[in-house]
Amino acid sequence: MGVPVPTYVQHENGSRGYPAPRADRYGRFFRVAPEWLLYGRGEVDDAPTSDSVPVVGLVGAGSVATLFSEGQGPFDEVEPPADSTSHTVGLGIRGASLGPAFDEGIVFYDDVRSPVTEDLHGRLCVVGLDDGRVLVKILRSAGDGTFHLFSNTMDEPMLNQVVDWAARVKDVRPR
């Protein structure tokens, strides 16, 4: 989309407004009317709007990742997961912390939460860190407002991380 992830998250959760030109961009990306985004006018169908979803960027799935938060794509279109909505997007996975079968795979998500909500604790999520990295990790609350981030392998956890946003993973598939 060409929008930094933290900016988009603030727009998505309503903590920051956005102008009509940005609504036009979001509307084209999500295939909805900008009026629905800005004013809630009209109907929006949560069913997929096509036989594909956009791959909008890359996500790190290792303890060390480079990223990836600045708007990157869409780069590709892929078959959507069974429970996708018009807001579902995919990210290309770089790293093996989900297991070697998913390095170079695709992870799907659509319900971004900022701040992180309790129902995401203990779940596999796409997470945006305060330093701009975007990773796929299992979230565990550290009790002080930070999170311990665990891999699906024996990698060392990332402790006491500030998580700006998170979204539960809907599906992961190898490429």
Could you grab me the full set of residues in region 1-28 that are of a type in the set (K, R) and under 19 Å from S114 (Cα atoms)? R16
Select from region 81-117 the residues that are within 22 Å of V162 (Cβ to Cβ), of a type in the set (S, T, Y) and over 9 Å from the mean Cα position of the chain (by Cα) and list them in ascending order. S97, S114, T117
For E70, are the conditions met, namely being of a type in the set (D, E), modelled with pLDDT under 90 and within 30 Å of R25 (Cβ to Cβ)? yes
Pick from region 9-22, criterion outside any loop (DSSP other than H, G, I, E, B) and either free of Cβ contacts under 8 Å to residues at least 24 places away in the same chain or β-branched (V, I, T) (or both), ranking: nearest to G128 (Cα to Cα): V9
Considering only residues of region 128-159 that are β-branched (V, I, T) and in a strand (DSSP E or B), which is surrounded by the most Cβ atoms within 10 Å (Cβ to Cβ)? V136
In the set R168, R123, which member is basic (K, R), within 22 Å of S15 (Cα to Cα) and in contact with a strand residue (DSSP E or B) (Cβ under 7 Å, 6 or more places away or on another chain)? R168
With respect to L120, determine if the residue is in contact (Cβ under 8 Å) with a residue 40 or more places away in the chain, crowded, with 20+ Cβ neighbours inside 10 Å, within 18 Å of Y109 (Cβ to Cβ) and within 16 Å of the chain's Cα centre (by Cα). yes
Restricting to region 20-48, and then to whatever is at pLDDT 75 or above and of a type in the set (A, V, I, L, M, F, W, C), can you tell me which residue is nearest to V5 (Cα to Cα)? A23
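The values are calculated or read from the model by the stated rules, or taken from the named source; none is laboratory data. Everything numeric in this text was worked out from a predicted model, so none of it was measured. Every residue, glycine among them, receives a Cβ derived from its backbone with ideal geometry; neighbour counts consider all protein chains shown.
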